[in-house]
Amino acid sequence: MKVLLDACVLYPTVQREVLLKSARAGVFTPLWSDRILEEWRRAAARLGPVANAQAEGEIALIRSFWPEASVRPKAADEARLWLPDENDIHVLAAAIAGSAEVLLTENAKDFPRGTLHEEGIRRDNPDHFLTSMWVTHPEAISGAVEETWVAAQKMDGCPPTRRAMLKKCRLPRLAKALENADAR
């Protein structure tokens, strides 16, 4: 399954790490455009030069790991599309160019389901998407969360539990599903 990742799901770090580790495990094929990656870098740069440099390094790493993930939106698609926020048209055009089945975003209001449906694309948010993928790929998603948790524990300010980490990065349903599975 091809999934276009909007900038708002690539930044924050923990959410991006869980998504990309899941992709690495074969759960889905990630897609993005250069402009989406640039939006991520600009968002990180607001935190200062260190965050900017870190984002640039992470972007270089994911580009090297997934060289085929970068798609180029067609100008004709960008010209014909309409969305409530014209600044998001390039995201939908990138999804079309990459033949994405899913556009993963936290920005539901600017990506109307009907408009995306006309293009054969389903909109989803990371929490619902990852929880759904956990049902069919429990080892891969649990492994991605665990690997992210282990890395996060080495950083300052890491929440005290996996569930707290996931809730903090806007993945509360996934946190609950994993916790319930662990309790069995």
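The values are calculated or read from the model by the stated rules, or taken from the named source; none is laboratory data. Predicted model only: the values in this text are computed from it and were never measured. Don't worry about glycine lacking a Cβ; one is built from the backbone with ideal geometry, like all the others, and counts go over all protein chains shown.
List the residue pairs whose Cβ atoms are under 7 Å apart, where the first residue sits in region 47-66 and is in contact (Cβ under 8 Å) with a residue 24 or more places away in the chain, the second is of a type in the set (D, E, K, R) and surrounded by 11 or more Cβ atoms within 10 Å (Cβ to Cβ), and the two are 6 or more positions apart or on different chains.
A55/R41
How many of the residues in region 170-184 are hydrophobic (A, V, I, L, M, F, W, C) and surrounded by fewer than 17 Cβ atoms within 10 Å (Cβ to Cβ)?
Residues flagged as hydrophobic (A, V, I, L, M, F, W, C) and surrounded by fewer than 17 Cβ atoms within 10 Å (Cβ to Cβ) within region 170-184 amount to 2.
If you scan region 85-98, which residues turn out to be surrounded by fewer than 13 Cβ atoms within 10 Å (Cβ to Cβ) and not in a helix (DSSP H, G or I)?
D85
Of the residues I121, I141, I89, which is of a type in the set (V, I, T) and outside the structural domain of C8 (by TED's automatic domain parsing)?
I141
Look through region 136-158, keep the residues that are at pLDDT 95 or above and of a type in the set (V, I, T), and return whichever of them is surrounded by the fewest Cβ atoms within 10 Å (Cβ to Cβ).
For region 136-158, the residue satisfying everything is T136.
Would you please name the residue that is farthest from V14 (Cα to Cα), looking only at residues in region 26-46 that are in contact (Cβ under 8 Å) with a residue 60 or more places away in the chain and not in a strand (DSSP E or B)?
Looking at the filtered set, the residue picked out is S33.
Could you list all residues from region 159-169 that are crowded, with 18+ Cβ neighbours inside 10 Å and of a type in the set (S, T, N, Q)?
Listed by number, the list is empty, since nothing qualifies.
For region 2-15, enumerate the residues that are of a type outside the set (V, I, T) and surrounded by fewer than 21 Cβ atoms within 10 Å (Cβ to Cβ).
K2, C8, Y11, P12
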